[in-house]
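Here the structure comes first, spelled out in structure tokens, and everything after it is commentary.
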Amino acid sequence: MATIRKKEKWYHKLRNKYRLILFNDKTFEERFSFRLTRLNVIVLLVSLAIVFSSLNFLLIAYTPLKTYVPGYPDVDQRRGLYRLNFRADSLMNDIKMKNLYIENIKRIINNETILDSSDENIPDSIGYDTITNRKSVEDSLFRLQFEKETRYNLYAENGEGFQTASSGKSIQSLNFFKPLDGIITSKFNLAEKHYGIDIAASHNDAVKSVLDGTVILANWTLETGYILVIQHQQNLISVYKHNATLLKQEGDLVKAGDPIAITGQSGELSTGPHLHFELWSKGKPVDPQKFIMFN
């Protein structure tokens, strides 16, 4: 019974009413008067605490003040770390591809099986001292056959087109296929060492071969991204750079107009989705606009 009376007495104390009066210190005139209870004061303090906590949360979450909170991650710093991580990953892939390329050259010289890019057992380091220049019987026979066939071929230069004695055709007589539909943003300039033209296009457009030929290079470089080189007749070579992906591999035979790559902006020297197209004749760069109708 005593415990119940104490609880009832404590409960009633919360509801006891009090009056807070403010007097003028000189005249003792009553200025304000408040009637309060302990329960009202507790509710008021709890409400103020909730309001101030909510305001602090909103200020920290939605204003730059959150950067001054110790331990809070900086968004710009995280973006910088992400870019550095992405660049490091690209460099690692480039090193892996270069190691694969060197290892395949070594295997070709030693007459061994060529590794594919999907192979996981690619050596991280290449021992250049172990490379030996050994010629196989098949390689020697192929060299003799090639030298015999090309020994008496004569080449005569005719203006900007190069004419052969065996075919009697010049570059102007060839029917080139336009590699890509787009706007030429940068023209051929031999003085500035810009040996081709830049054709701006949208993403995922098909890049096509300008002539029949054989793919002699399909690789990725840090500066030009995915690059593809095709050997054609008349000692012509066409080069396609900054592709998003390649559709052909080295050794593939292509026809004029066949899709060989997808446009993109790969490589550090690319500023947007476009195709850098070069045309080489007898080891010299020529202006593609003189032989191909782009308009």
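For the reader, a short list of remarks on this structure follows.
- Selection of first residues in segment 99-113 that are touching a residue at least 24 places away in the same chain (Cβ under 8 Å) and of second residues that are hydroxyl-bearing (S, T, Y), restricted to Cβ pairs under 6 Å at least 6 apart or on distinct chains, gives the following pairs, ordered by first then second residue: N111/S136.
- Within segment 194-203, one or more residues are under 22 Å from the mean Cα position of the chain (by Cα) and closer than 20 Å to K248 by Cα.
- Filtered residues of segment 185-235 (kept if in a loop (DSSP other than H, G, I, E, B) and more than 16 Å from P285 (Cβ to Cβ)): A201, S202, H203, N204, D205, S209, L211, D212, L222, E223, Q233
- The criterion of at least 3 residues that are under 20 Å from the mean Cα position of the chain (by Cα) and in the same structural domain as A218 (by TED's automatic domain parsing) is met by the following strands (runs of 3 or more DSSP E) wholly inside segment 248-295: 259-263, 274-281.
The values are calculated or read from the model by the stated rules, or taken from the named source; none is laboratory data. All figures in this text were calculated on a predicted structure; none of them were measured in a lab. Backbone-built Cβ (ideal geometry, glycine too); neighbour counts: all protein chains shown.
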